[in-house]
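This report concerns only the one structure given below.
Bear in mind these aren't lab numbers, they're just calculated from the coordinates by the rules spelled out. Computed from a predicted structure; not experimentally measured. No Cβ is skipped: glycine too gets one built from the backbone with ideal geometry, and neighbour counts run over all protein chains shown.
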Amino acid sequence: MSKRVMNPATRVAAVALATAGLGASLVAGAGSAFAAEGKAVVPTAATASAAVAAQAETQAHLAAQVKAAAAKKTVAVKATAVKATATKKAPAWVKPVSSYTLSASFNQGGAMWAHKHSGQDFAVPVGTPVKAAGAGTVVKAGPYGGGDGPAYGNAIVIKHANGKYSQYAHLSKIQVKIGQKVGAGQRIALSGNTGNSSGPHLHFEIRTTPNYGSAVNPAAFLRAHGVGI
Ligand SMILES: [Zn+2]
């Protein structure tokens, strides 16, 4: 902001000055009438023009002030709009890893699994940050799949408000505890290659219960929540 922007006290003074300026003009006008009768014309005229100049300057100041106030208001409105947009855009669901190569998909058959593949695999180097796909509460976190079985290695299960559970497996390092609340996109672990794993990757499931055997298609679930993988 420029120094020309007046504080309220200055504004009162400016208004007073403007009023005084008007008064001075009137008085000067009366003085001029007198001057025409033979008194000193020049000083009176000078006073009049000084008053007009003062008035003009005051008006310029007021105009600048109004302009500045308007600009300030626009900035405030814009800032509010940006904030509202930012709040609106906070995603409820995110990808569990940012950068990956999709490997085994849901229901895929193969020698690796006793039945069909129960999740979506994201091939990532060991140590890749793993994020909670959605907000929720950690209900399982530990080795042996957090209780689901040794094939999962170190694993986490999060309970979500919509009644679904997300599971993250083969982790190298678990960074949350059972009972902990997490936000969507919050880092919960580092990926790894623990358990029955053919190479470094994140195994990701969406379940209808906390336990093994209740998995649904995680890619379809994410897609239905606006997250393409
Ligand atoms: Zn898998």
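Remarks
- Taken along its three principal axes, the alpha carbon spread of region 101-224 comes to 36, 28, 26 Å, from the longest extent down to the shortest.
- Summing Cβ point charges (Lys, Arg +1; Asp, Glu -1) relative to the Cα centre of region 116-227 gives a dipole of roughly 300 debye.
- Computed packing ranks the peptides 183-192, 199-208 as 199-208, 183-192, most packed first, by mean other Cβ atoms within 10 Å.
- Residue 209-residue 137 pseudo-label distance in nm [points 7 Å out on the Cα-to-Cβ vector]: 1.9 nm
- On full extension, the segment bounded by residue 116 and residue 99 gains 3.6 nm, given 0.36 nm per residue less the C-alpha separation.
- Cross-link pairs 95/116; 140/181; 131/164 - those with Cα-Cα distance over 20 Å: 95/116
- Calculated from backbone phi, Karplus (6.51, -1.76, 1.60) coupling profile of region 128-143 in Hz, x at Gly/Pro: 6, x, 10, 10, 5, 5, x, 5, x, 10, 5, 10, 9, 6, x, x
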